Amino acid sequence: MKVLVVGAAGRTGAHSLRMMLAAHQGPVLGMVRHPEQRDAVAAFGAEPVLCDLTADAPREGEIALEQAVAGVDAVVCAAGARDSRDAEAVDHLGTAR
């Protein structure tokens, strides 16, 4: 089973990522919003996926959300705004996407 952890760079996401990798028998992908977060996800042993839930279209180097979830059997959503100014974009609209 292929699993995608959305928000893999946050505390809950990183914890979920570690748990999935320890117990899971299949590929685990860790979705992050910022390029500098990819190394942390890769260090856990997961495949980093650069995708921004808040963007209407992918920026350079990113993939679209539809591509991120393509072929995935399960999604763990641990995305959450770190700043209250981003709450609507991340917690509401991003999760709905």
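Here are the numbers for the structure shown:
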quantity: Residue in segment 51-68 that is in contact (Cβ under 8 Å) with a residue 60 or more places away in the chain and outside any loop (DSSP other than H, G, I, E, B) present; calculated: yes
quantity: Qualifying residue in segment 78-89 (condition: assigned to a loop (DSSP other than H, G, I, E, B) and modelled with pLDDT of 90 or more); calculated: no
quantity: Residue count, segment 21-36 (criterion: closer than 16 Å to Asp73 by Cα and either touching a Gly at 6+ places or on another chain (Cβ under 6 Å) or modelled with pLDDT of 90 or more (or both)); calculated: 6
quantity: Matching residues, segment 1-24, being in contact (Cβ under 8 Å) with a residue 24 or more places away in the chain and either among the β-branched types (Val, Ile, Thr) or part of a loop (DSSP other than H, G, I, E, B) (or both); calculated: Met1, Lys2, Val3, Val5, Val6, Gly7, Ala8, Ala9, Gly10, Thr12
quantity: Candidate set from segment 2-15 (those that are hydrophobic (A, V, I, L, M, F, W, C) and under 20 Å from Leu65 (Cβ atoms)); member that is surrounded by the fewest Cβ atoms within 10 Å (Cβ to Cβ); calculated: Val3
quantity: Filter result for Gly61 (buried (at least 18 other Cβ atoms within 10 Å of the Cβ) and at pLDDT 90 or above); calculated: no
quantity: When residues of segment 37-58 are limited to those that are surrounded by fewer than 20 Cβ atoms within 10 Å (Cβ to Cβ), of a type in the set (A, V, I, L, M) and modelled with pLDDT under 90, the one nearest to Val5 (Cα to Cα); calculated: Ala55
quantity: Members of segment 16-36 that are more than 10 Å from the chain's Cα centre (by Cα) and either open to solvent by less than 40 Å² (accessible area, probe 1.4 Å) or charged (D, E, K, R) (or both); calculated: Ser16, Arg18, Gly26, Val28, Glu36
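The values are calculated or read from the model by the stated rules, or taken from the named source; none is laboratory data. On a predicted model such as this, the values are computed, not experimentally measured, just so you know. Positions of Cβ are generated from backbone atoms using ideal geometry, with glycine treated the same way; all protein chains shown enter the neighbour counts. Remember, those area values only see protein heavy atoms, side chains included, never the ligands or the DNA or RNA. Shrake-Rupley method; radii C 1.70, N 1.55, O 1.52, S 1.80 Å.
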